[in-house]
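**Student:** Handing you this structure, nothing more for now.
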Amino acid sequence: MFRVITPGFVAQYTRWTDALNKANSLIPSCKGLFKDVRIYYGDNLIWLYSRSHKYPQYIGAGIYDKLAKLFIVEAMEEEKAGEVKPDEMS
């Protein structure tokens, strides 16, 4: 379970893609130096955006590779779910 947390907002998502999209949409609201957007996987911080860095930070050894693979798996599942079988077209 992924949790997106920023001051005044907390949400939980089952998919990494959904959590990342929400976190990216919250970036413009981080105007102060002490405000940030965080994504946790369970109790572990895995993604962080703050004004002190130009780009979001992936926290932990090998976490970027793991999340990239998860992103691909979720995209393939989404594509499969969106496919229309030829017999369903009529």
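The values are calculated or read from the model by the stated rules, or taken from the named source; none is laboratory data. What you see is a predicted model, and the numbers here were worked out from it, not measured in a lab. Cβ placement follows ideal geometry from the backbone for every residue including glycine, while neighbour counts extend to all protein chains displayed. We work out accessible area using only protein heavy atoms, side chains counted, and drop any ligands, DNA or RNA first. Shrake-Rupley method; radii C 1.70, N 1.55, O 1.52, S 1.80 Å.
**Student:** Quote the convex hull volume per residue of the chain, based on C-alpha atoms, as a whole number of Å³. Spell out each step's value before the answer.
**Tutor:** On the way: hull volume 11.3 nm³, N = 90.
Residue-normalised Cα hull volume stands at 125 Å³.
**Student:** Would you work out which of 68, 34, 56 lies farthest towards the positive end of the dipole of segment 1-74? Charges go on Cβ: Lys and Arg +1, Asp and Glu -1.
**Tutor:** Working it through, the farthest residue towards the positive pole turns out to be 34.
**Student:** OK, next. If the only charges are +1 at each Lys and Arg Cβ and -1 at each Asp and Glu Cβ, what is the size of the charge dipole of the chain around the Cα centre, to the nearest 20 debye? Can you show the working numbers first?
**Tutor:** On the way: 12 positive and 11 negative charges, 145 e Å.
Using only the charged Cβ atoms, the result is roughly 700 debye.
**Student:** If you don't mind, there's one more thing I want to ask. Can you pull the percent of the chain's accessible area that's carbon plus sulfur, 1.4 Å probe, other chains left in place?
**Tutor:** Working: 3700 of 6540 Å².
For the chain, the apolar C and S fraction of the accessible surface comes to 57 percent.
**Student:** Can I ask one more? Before rounding to the nearest 500, sum -39500 (n - 2.57) across all DSSP H runs of length at least 4 in the chain and divide by the residue total; then give [θ] at 222 nm in deg cm²/dmol. Let's see the in-between values first.
**Tutor:** Numbers: 2 runs with 31 residues, N = 90.
Only helices count here, giving -11500 deg cm²/dmol.
**Student:** Leaving out ligands and nucleic acids, note down the accessible area per residue over the chain with a 1.4 angstrom probe, in whole Å².
**Tutor:** Numbers: 6540 Å² over 90 residues.
The answer is 73 Å² per residue.
**Student:** Can I ask one more? Return the distance in nm (one decimal) between the two label points of a simple spin-label model at residue 68 and residue 54, each offset 7 Å from Cα along Cα→Cβ.
**Tutor:** Placing both labels 7 Å along Cα→Cβ, they lie 2.0 nm apart.
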